[in-house]
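Working notes for the structure below.
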Amino acid sequence: MRTAAGYFFMDKQKFLKPPIDVLQQIDLLKQRNLSVHNLPFLKHSLSTVGYYRLTGYCKIFQDDDHIFKPNTTFQHIWELYSFDQELRILVINAIAKIEVALRASITNVMSMQFDSHWYLNSKLFKNEYLHNLLMQKIIKICQEPKEVFLLHYFEKYVDEYPPSWMIFECISFGTLSKAFRSLRNMQHKRKISEVFGYHSTLIESWLESLCYNRNLCAHHSRLWNRWFTMTPQIPHKLSTFTKFNTRIANKFYAQALIITLLLKNICPDYNWSQEL
């Protein structure tokens, strides 16, 4: 269990809670003092969203014994859940722009520095292991091409692998971030990072954190009131961060701030922070 001081561990026990159906879930919520003004809507919500998913939005309305505070209605919980949905959409749209910029910058910089198939050169990466991990992903994409442009490429050319600007459109954001982090030459990383306007060491950390955030959004996980385990590096020298310390790193505020800083350079006309 996590406390303010750290972690402590208890003896494990066998899970014995039985599953309960939607009507039983409603009875349980009522027993815990939740006010229900629209029973059909509550039933529909539990059927289409799920009791367990919604419990994450219940906690601030409950005491330590899971009893709801006076005058708490299901509408309070639903509005919080709906807010979090909108937040995820806003965040994943922003991260998509950052992801696209990273794809373009990697392929532009590395292709012009070397050639169209630079990613086949293991010497450009920190070690063989990291290069092999990237190639495993690429080989799978080439063996099972799903994009029309890849199918067309393999119909027309005898080469075993497509150019980087094609293949890097198909790899995941996580693989893309790892490929950037795995590059051996710091000058190459710095050149790629110029599109974002920050040092490559910061970009590495921020991309890793945003990949984690992006996966949360893609799996419809809660962003609101979350403790982020994959934290970005906090650049104390940036004036935006001077009044904070590393304790904000695992908060959503840090995620919002690095997204805002990155978007200012790649999408200067997109006022994401205002939408947020």
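Some points to look at:
- Estimated dipole of segment 93-183 in Debye, rounded to 20 [Cβ of Lys and Arg +1, of Asp and Glu -1, Cα centre]: 380
- Loop-located trypsin sites (Lys or Arg not before Pro) across segment 76-125 with a Cβ neighbour count of 13 or fewer within 10 Å are lacking, with loop assigned by DSSP.
- Top positive-direction residue, dipole computed over the chain with Cβ charges, set L87, T175, A249: A249
- Contact order relative to length of the chain, as percent, for alpha carbon pairs under 8 angstrom and 6 or more apart: 17
- A straight Cα-to-Cα reach below 26 Å connects K137 with the lysines K97, K123, K126, K146, K156, K178, K189, K191, residues fewer than 8 places away in its own chain not being considered.
- Zero-based 5 Å bins, Cα pair distances in the chain, whole percents: 1, 5, 10, 12, 13, 12, 12, 10, 8, 7, 5, 3, 1, 0, 0
- Square roots of five times the Cα gyration tensor eigenvalues for segment 9-87, Å: 22, 16, 14
- For segment 128-147 versus segment 249-276, the inter-centroid distance based on Cα atoms is 32 Å.
- Applying Stokes-Einstein at 4 °C and 1.567 mPa s to the Kirkwood radius of segment 166-208, computed over alpha-carbon pairs, gives a translational diffusion coefficient of 121 µm² s⁻¹.
- Whole-number D in µm² s⁻¹ for segment 129-231, Kirkwood Cα-pair radius fed into Stokes-Einstein, 25 °C, 0.890 mPa s: 157
- Cβ-placed point charges (K, R +1; D, E -1), dipole of the chain about Cα centre in debye, nearest 20: 780
- Note on segment 48-170: Rg/Rh from C-alpha atoms, Kirkwood Rh, equals 1.25.
- Derived scalar couplings between HN and Hα for segment 45-61 equal 5, 5, 6, 9, 10, x, 4, 5, 4, 6, 4, x, 9, 8, 4, 6, 9 Hz in order, rounded to whole Hz, by the Karplus curve 6.51 cos²θ - 1.76 cosθ + 1.60 (θ = phi - 60°), x for Gly and Pro.
- Couplings for segment 180-186, taken from phi via the Karplus curve 6.51 cos²θ - 1.76 cosθ + 1.60 with θ = phi - 60°, read 4, 5, 7, 4, 6, 7, 5 Hz in order; Gly and Pro are left as x.
- Euclidean distance between Cα centres, segment 32-81 to segment 187-234, Å: 32
- Considering only W206, S47, P145, and ranking their Cα positions along the charge dipole of the chain that arises from unit charges at the beta-carbon of Lys, Arg, Asp and Glu, the one farthest toward the positive end is W206.
- Debye, to nearest 20: dipole size of segment 61-219, +1 on Lys, Arg Cβ, -1 on Asp, Glu Cβ: 700
- Model label sites at Y253 and N121, defined 7 Å from Cα along the beta-carbon direction, differ in position by 4.5 nm.
Where a number appears in this text, it was derived from the coordinates with a stated rule and is not lab data. On a predicted model such as this, the values are computed, not experimentally measured, just so you know. In this analysis, Cβ positions are derived from the backbone assuming ideal geometry, glycine residues included, and neighbour counts consider all displayed protein chains.
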